[in-house]
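Right, one structure below, let's go through it.
The values are calculated or read from the model by the stated rules, or taken from the named source; none is laboratory data. Only a predicted model underlies this, so the values are computations on that prediction, with no experimental measurement involved. FYI the Cβ positions are ideal-geometry reconstructions off the backbone, even for glycines, and counts take in every protein chain you see.
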Amino acid sequence: MAKIIFITGASRGLGKIWAEAFLDRGDKVVATSRNAGGLQELVDKYGSSVLALELQITDRAACFEAIAKANAYFGRIDVVINNAGTGVFGTVEELGEQDARDIIDANLFGTLWITQAALPVMRAQGSGHILQLSSAMGIYTFPTVGIYSASKFAVEGFSEALSLEVKGMGINVTLVEPNGFATDFNASSIQSKPISAYDTMKAELYADPNLTADDAYGDPNATTDAILKLVDSSNPPLRLFLGRKALPLAKAAYAERLASWEEWNDVSNKAHGI
């Protein structure tokens, strides 16, 4: 049976690749973008199997309206993929107030508004799957991506709680956590105004083999099988890395955290007071 898939940020990058993969196998797709013109290629190729909607995900009312239109057009929504978001590069000190607010507004609140809009539809159906495009940077972080990581750490937190809140309603939640992929993400991201005090740190960071190796960035087209398998699973995971770079780094990050917590555990226990 064909699935009805609602994808934000479907005009380019992973969102477009996944939309095409669903459509190629016979699913129906609600594709959204800030600029509806960017969705015309999908409409021209797939016709009435696509509902193209212009949507600014930071507008809560518009998110509810888009979900309502999708539900009315196709009669249900089986999968929501919160893919739209914004990248940012710059140290914590360098990033301006408006840029920081824009990142949180898009990556956290945009994801939250679509999620809130979709939940009543899925509750009424008694089924649904929400995929939150987090990031490996929502599990660990590096210099110059602190505010981006902050937005993804926040998505991780509310989505994990959400998964527990709706587990008895037939609704699944999965945090999709890609490592770096060869899309236009870096080029389209916000760039901070540099402060020279960080030049040496940045030079050392950008010389890291993890960022410069030939296989540092994955092939975005190779992600489609994983996403199709994920939405077809009757028991999907709460978290799924995309790419082979993330898990080793996550293991190292968590080993360091556990070691630090253990080292300071006597202090922690005494702070309990009783």
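Residues checked against (1) exposed (fewer than 14 other Cβ atoms within 10 Å of the Cβ); (2) in contact with an Asp or Glu (Cβ under 8 Å, 6 or more places away or on another chain):
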| site | (1), (2) |
| --- | --- |
| 25 | yes, no |
| 28 | no, no |
| 36 | no, yes |
| 42 | no, yes |
| 51 | no, no |
| 54 | no, no |
| 60 | no, no |
| 64 | no, no |
| 70 | no, no |
Please count how many residues of region 219-257 are part of a helix (DSSP H, G or I), free of Cβ contacts under 8 Å to residues at least 12 places away in the same chain and surrounded by 13 or more Cβ atoms within 10 Å (Cβ to Cβ).
1
Out of 15, 9, 47, which single residue is in the same structural domain as residue 109 (by TED's automatic domain parsing), closer than 21 Å to residue 184 by Cβ and in a helix (DSSP H, G or I)?
15
Return only the number of the condition from (1) on the phi > 0 side of the Ramachandran plot; (2) within 14 Å of the chain's Cα centre (by Cα) that residue 130 does not satisfy.
(1)
Six or more apart or on different chains, Cβ atoms under 8 Å: show the pairs whose first residue is in region 187-207 and farther than 14 Å from residue 95 by Cα and touching a residue at least 40 places away in the same chain (Cβ under 8 Å) and whose second is part of a helix (DSSP H, G or I) and of a type in the set (A, V, I, L, M, F, W, C).
205/211
Counted residues, region 251-274 - those being at pLDDT 95 or above and among the β-branched types (Val, Ile, Thr)
1
Against the definition (over 25 Å from residue 14 (Cα atoms), among the hydrophobic types (A, V, I, L, M, F, W, C), loosely packed, with under 12 Cβ neighbours inside 10 Å and under 25 Å from the mean Cα position of the chain (by Cα)), how does residue 271 come out, yes or no?
no
For residue 153, are the conditions met, namely being at pLDDT below 95, within 16 Å of the chain's Cα centre (by Cα) and surrounded by 15 or more Cβ atoms within 10 Å (Cβ to Cβ)?
no
Of 17, 67, which residue is touching a residue at least 12 places away in the same chain (Cβ under 8 Å), farther than 15 Å from residue 118 by Cα and of a type outside the set (S, T, N, Q)?
17
Would you check if residue 183 is in the same structural domain as residue 152 (by TED's automatic domain parsing), within 19 Å of the chain's Cα centre (by Cα) and of a type outside the set (A, V, I, L, M, F, W, C)?
yes
Hey, residue 28 charged (D, E, K, R), in the same structural domain as residue 151 (by TED's automatic domain parsing) and over 19 Å from the mean Cα position of the chain (by Cα) or not:
yes
Looking at (1) among the β-branched types (Val, Ile, Thr); (2) in contact with a Phe, Trp or Tyr (Cβ under 6 Å, 6 or more places away or on another chain); (3) not assigned by TED's automatic domain parsing to the domain that holds residue 94, find the lone condition where residue 227 falls short.
(3)
Which ones in region 62-105 are assigned to a loop (DSSP other than H, G, I, E, B) and over 15 Å from residue 125 (Cβ atoms)?
83, 84, 85, 86, 87, 90, 91, 92, 93, 94, 95, 96
Please verify whether region 75-89 includes one or more residues that are over 27 Å from residue 171 (Cα atoms) and among the hydrophobic types (A, V, I, L, M, F, W, C).
yes
Out of curiosity, is residue 216 assigned to a loop (DSSP other than H, G, I, E, B) and among the hydrophobic types (A, V, I, L, M, F, W, C)?
yes
Under the condition of being acidic (Asp, Glu) and in a helix (DSSP H, G or I), which residue from region 156-182 is surrounded by the fewest Cβ atoms within 10 Å (Cβ to Cβ)?
165
